[in-house]
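Enquirer: Sharing a structure below in structure tokens format, with a few things to ask.
The values are calculated or read from the model by the stated rules, or taken from the named source; none is laboratory data. Remember, it's a predicted structure, so these values are computed and weren't measured experimentally. Heads up, the Cβs are rebuilt from the backbone with ideal geometry, glycines too, and the neighbour counts pull from every protein chain shown. Each accessible area value is taken on the protein alone, full model and side chains, heavy atoms only, with ligands, DNA and RNA left out. Shrake-Rupley method; radii C 1.70, N 1.55, O 1.52, S 1.80 Å.
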Amino acid sequence: MKTLLLSCLLLPWLLSAAARHFDPDSQLQRGSLAGQEVQGYFNDYTRSTRLKRAMSSEMDITADEPDDGPVSATGEAIDLPTCLLCVCLTGSVYCEEVSPDMTTVPALPKETAYLYARFNKIKKIHTKDFADFATLKRIDLSGNMISEIEDGAFAKLTLLEQLSLAENQLVKLPILPPKLISFNANSNLLKTKGVKVNAFKKLTKLVNLYLANNQLEAVPHIPESVQILHLQNNNITEINRSTFCKANDTYYLRPTLSEVRIDGNPVVLSKYPDSFTCLKVLPVGRYR
């Protein structure tokens, strides 16, 4: 009991003495270096404490609010850099199944040659999206929700060789780059009126043309360079002698067109035997 009583009496006195000894104001009044160091410590400690309290308070306020992504000081949403959302290698950008949802074409690094932005929720392609990326050689936008592409969207892509727009919601094709080697528009909502008569005419290097699983009523003009043509599962009801061959030239041959698929269409191919005389293989499709 005596020890406890002595501790209770001495403790206030010791605390008071310690406070006087480390009082930053009294140290500063004497102009000592130690006093300045102590005052600096107290200032830093105070700022740190206030910052922690502010952060804690901010976290408490926003804890139950939905996270809409990073925002600027003015409260506006900040777009995360593409290479934080995607995988960027030398000349290639992979943005597949990005989370949070990617609804527009991402801002690409300079000198991008290959873009893979499959399985996202991109809805529209604007002219400005690729205006500054003449280095692009391949674009794959398969599995998005694209329903509209502005006509000038690919106008400046003079090096583009491969373009895939498969599994989207297109009802109309845009003007395509002239150096395309492969074009894939499988599984869209394309009708013949949405594909211009000369949509592929100027594509003199086109080798692979995929237009399966659409709503086309007729076969579009097919460039001489095409080797593989897929038109299965459309609404094609007839073909004519000029579809693949030349009606006024019985000696015309088309050996490059080695694979033609028209299966899954209403057309009965056996009704048009003169339409395949220039081909080295018969089209795959319904003959009965």
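Enquirer: Given labels modelled 7 Å from the Cα in the Cβ direction, how far is it in nm from Y272 to S99?
Expert: Simple spin-label model gives 4.8 nm for this pair.
Enquirer: If you build the convex hull over the alpha carbons only and average its shadow over all orientations, what do you get for the stretch 153-229? Give it in nm² to one decimal.
Expert: On the way: hull surface 17.6 nm².
Across all orientations, the stretch 153-229 yields a mean hull projection of 4.4 nm².
Enquirer: In Å², what does the accessible area per residue of the stretch 92-225 work out to with a 1.4 Å probe?
Expert: On the way: 6320 Å² over 134 residues.
With all protein chains present, the stretch 92-225 gives 47 Å² per residue.
Enquirer: A further question on this structure: Give me the percent relative contact order of the stretch 119-226, please, defined on Cα pairs under 8 angstrom at least 6 residues apart.
Expert: Relative contact order, the stretch 119-226: 21 percent.
Enquirer: Hand me the GluC sites (Glu not before Pro) from the stretch 178-247 located in a DSSP loop with no more than 11 other Cβ atoms within 10 Å, in residue order please.
Expert: Loop-located and lightly packed - E224.
Enquirer: Okay, moving on. Less than 11 Å Cβ to Cβ from L269, Lys/Arg counted +1 and Asp/Glu -1: what total charge do the surrounding residues give?
Expert: +1
Enquirer: Rounded, prolate or oblate: which fits the stretch 146-288, taking a ≥ b ≥ c as square roots of the Cα gyration tensor eigenvalues, rounded meaning a/c under 1.5, else prolate when a/b beats b/c? Don't jump to the answer; show the numbers that get you there.
Expert: Working: a/c = 2.11, a/b = 1.41, b/c = 1.50.
Judged from the Cα gyration tensor, the stretch 146-288 comes out oblate (a/c at least 1.5, b/c at or above a/b).
Enquirer: Round to the nearest 0.05 the FRET efficiency obtained for K280 and V197 when R0 = 30 Å and r is the Cβ-Cβ distance.
Expert: Calculated value: 0.70.
Enquirer: Now for a separate question. Lys pairs in the stretch 178-268, Cα-Cα under 17 Å, at least 8 apart or on separate chains: how many?
Expert: 5
Enquirer: As an exercise, use a Förster radius of 22 Å and the Cβ-Cβ distance of A247 and T204 to find the FRET efficiency, rounded to the nearest 0.05.
Expert: Numbers: r = 22 Å, r/R0 = 0.99.
Approximately 0.50, to the nearest 0.05.
Enquirer: How do the peptides 165-177, 245-257 rank, highest first, by the average count of neighbouring beta carbon atoms within 10 Å per residue?
Expert: Result, highest mean Cβ count within 10 Å first: 165-177, 245-257.
Enquirer: How many percent of the accessible area of the stretch 215-288 is carbon or sulfur, using a 1.4 Å probe?
Expert: Working: 2010 of 4020 Å².
With neighbouring chains kept in place, the figure for the stretch 215-288 is 50 percent.
Enquirer: Using the alpha-carbon centroid of each, what span in Å lies between the stretch 219-283 and the stretch 186-214?
Expert: Taking the Cα centre of each part, the stretch 219-283 and the stretch 186-214 sit 14 Å apart.
Enquirer: With the cut-off at 1.5 for a/c, could you classify the stretch 88-156 from its C-alpha gyration tensor as rounded, prolate or oblate?
Expert: oblate
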